[in-house]
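Notes for the one structure printed next.
The values are calculated or read from the model by the stated rules, or taken from the named source; none is laboratory data. This is a predicted model, so every value here is computed, not measured. Methodologically, a virtual Cβ is constructed for each residue, glycine included, from the backbone with ideal geometry; neighbour enumeration extends over all protein chains shown. All accessible areas refer to the heavy atoms of the entire protein, side chains included, with ligands and DNA or RNA removed. Shrake-Rupley method; radii C 1.70, N 1.55, O 1.52, S 1.80 Å.
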Amino acid sequence: MDDFVQVSQLWPLIAYAAAALAVVAAMLVLPRFLSSQRPPGRYTGSPFESGVVPVGDIHVRLAVQYYPVALFFVIFDLEAIFIYAWAVAFREAGWPGYVEMLTFILVLLVALFYLCRSGALDWRTRRQRSQDAYFKH
């Protein structure tokens, strides 16, 4: 009988679930009663940005260079979180953890150096690069 959970032990979980459902129901129902019941206006369903009426197409074409930079940002952001977690557990990790983090940061720097040298972070177009090369001579 020790293996089975008794209902008396589940009452905190049941109370928590009931409270969560009550909060969700209140969030869905209360705005209906608290809002002013006026008919929807002419521009109720139209999108706006900071009070400015939108102009043009919403589908913005981004340059292909945007995507690698965004990917690099996500990768280096996750690595910063990893370094922060290491810093929190610095004393517990000891010297082996320090050497591992030093190696990790070295790999990051080598990768960043490679990205810079290969031109992956260069946003200029081919024409802009050729103009820069022309004016340097």
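Numbers below:
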| item | result |
| --- | --- |
| Accessible area expressed per residue, the chain, with surrounding protein chains retained (probe 1.4 Å, Å²) | 96 Å² |
| Förster radius 25 Å - calculated FRET efficiency between residue 83 and residue 126 (Cβ-Cβ, nearest 0.05) | 0.10 |
| Difference of contour (0.36 nm per residue) and Cα-Cα distance, residue 27 to residue 14 | 2.7 nm |
| Prolate/oblate/rounded label for the chain (Cα gyration tensor, a/c 1.5) | oblate |
| Residue 74-residue 36 FRET efficiency (beta carbon distance; Förster radius 41 Å; 0.05 resolution) | 0.45 |
